[in-house]
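First up is the structure itself, then whatever we jot down about it.
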Amino acid sequence: FPNEFEHNEQLGWIPKGWTASNVGAEFDVVMGQSPPGSSYNEEKKGIPFFQGKTDYGFRFPTNRVYCTSPKRLARKNDTLVSVRAPVGTINLAAEDCAIGRGLAAVRHKSGSISFTYYAMNDLAKHFAVFEGEGTVFGSINQKDFNAITQLSYPLELILYFSSICSNWDNKIEQVSHQTIVLTKIRDTLLP
């Protein structure tokens with residue numbers, strides 16, 4: 001990590017030698033697209049489908065709606081970002097899933113799951129600007145999403161960050177899965 005800072009017009013004071021970039025250059029962003037309404041179901045046919053943040057949980061969304069004709073997909077562990085009211089709310093895909101036009105799936109080009117999740121969380125102030133956009137509710141399009149200013153972090157730092165955070169994130173995933181299993185057992189036994 002550099003031992004001094006330099007001023008950058010876009011980002012303010014940043015570590016010396018680092019450069020300004022944008023989301024589109026640093027991350028792969030897949031904007032959702034809604035499949036035909038006739039392909040939606042709650043009978044678990046097809047793959048999980050998320051239109052927006054409705055089914056978001058603490059870290060992972062809850063599977064409620066499924067889709068048999070997906071248009072756009074998020075891979076397991078992609079960060080799901082709400083691109084329509086409210087803009088910028090995030091969750092993590094627990095499995096491969098279909099995403100509608102209210103979401104984007106994001107992954108850092110390094111493949112780091114933890115870095116992607118926390119980097120998107122850190123962009124909250126940028127997403128807030130888009131909350132008032134649009135005629136009825138806030139939204140952000142792919143061009144504006146990709147243009148959000150972002151530091152270009154050194155790969156060694158991303159890997160080091162991930163080596164620390166991935167242990168915590170893996171534990172969160174395990175506990176979240178256990179919670180789902182225990183909830184199903186409770187719901188089966190109580191009636």
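See the values below:
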| item | result |
| --- | --- |
| Contour minus Cα-Cα distance for Arg75 and Glu131 (0.36 nm per residue) | 17.5 nm |
| With Cα atoms, 0 to 90° folded angle of helix 113-122 axis to the chain main axis | 70 |
| The chain: most fluctuating residue of Val87, Val29, Val175 per GNM, C-alpha cutoff 10 Å | Val175 |
| Lys, Arg +1 and Asp, Glu -1 on Cβ, resulting dipole of the stretch 32-191 about Cα centre, debye, nearest 20 | 280 |
| Solvent accessible area, Å² - Arg84, 1.4 Å probe, full protein context | 80 |
| Rounded if a/c under 1.5, otherwise prolate or oblate - the stretch 75-186, Cα gyration tensor axes | oblate |
| Per residue accessible area of the chain, 1.4 Å probe, in Å² | 58 |
| Residue of Gly111, Gly32, Gly17 that the Gaussian network model of the chain assigns the largest fluctuation, springs spanning Cα pairs under 10 Å | Gly17 |
| Amide H contacts of Asn22 (H built 1.01 Å from N, under 5 Å, at least 5 apart or other chain) | Gln150 |
| Potential extension, His7-Asp96 segment - 0.36 nm per residue separation minus Cα distance | 28.0 nm |
| Residue-wise HN-Hα coupling along the stretch 77-83, computed from phi with Karplus coefficients 6.51, -1.76, 1.60 (Hz; x: Gly, Pro) | 6, 5, 7, 8, 10, 6, 10 |
| Under the Karplus curve 6.51 cos²θ - 1.76 cosθ + 1.60, θ = phi - 60°, whole-Hz ³J(HN,Hα) for the stretch 57-73, x wherever Gly or Pro sits | x, 4, 10, 10, x, 9, 6, 10, 10, 10, 9, 9, 10, x, 9, 10, 10 |
| Top positive-direction residue, dipole computed over the chain with Cβ charges, set Pro154, Ala20, Ile180 | Ile180 |
| Rg over Rh [alpha-carbon atoms, Kirkwood Rh] for the chain | 1.02 |
| 28 Å Cα-Cα reach of Lys44 towards lysines, excluding residues that sit fewer than 8 places from it in its own chain | Lys53, Lys71, Lys76, Lys171, Lys184 |
| Dipole-positive endmost among His7, Ala85, Leu123 within the chain (Cβ charges, Cα centre) | Ala85 |
| Contour excess over end-to-end distance, with Cα ends at Thr19 and Ile164 and 0.36 nm allotted per residue | 49.8 nm |
| Sequence-distant residues sharing a close amide H with Thr89 (under 5 Å, placed H) | Ser82 |
| Value at 222 nm in deg cm²/dmol, rounded to 500, when DSSP H runs of n ≥ 4 in the chain each add -39,500 (n - 2.57) | -10000 deg cm²/dmol |
| GNM flexibility winner over the chain from Ser162, Ser39, Ser82 (Cα, springs under 10 Å) | Ser39 |
| Label-point separation in nm, Ala147 to Thr183, each point 7 Å along Cα→Cβ | 3.9 |
| Loop-resident sites, the stretch 100-176, for chymotrypsin sites (Phe, Trp or Tyr not before Pro), counting at most 15 other Cβ within 10 Å (DSSP) | Phe137 |
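The values are calculated or read from the model by the stated rules, or taken from the named source; none is laboratory data. Fair warning: this is a prediction, and the values are worked out from it, not measured in the lab. Every residue, glycine as well, gets a Cβ built from its backbone with ideal geometry; the counts of neighbours run over all protein chains shown. We work out accessible area using only protein heavy atoms, side chains counted, and drop any ligands, DNA or RNA first. Shrake-Rupley method; radii C 1.70, N 1.55, O 1.52, S 1.80 Å.
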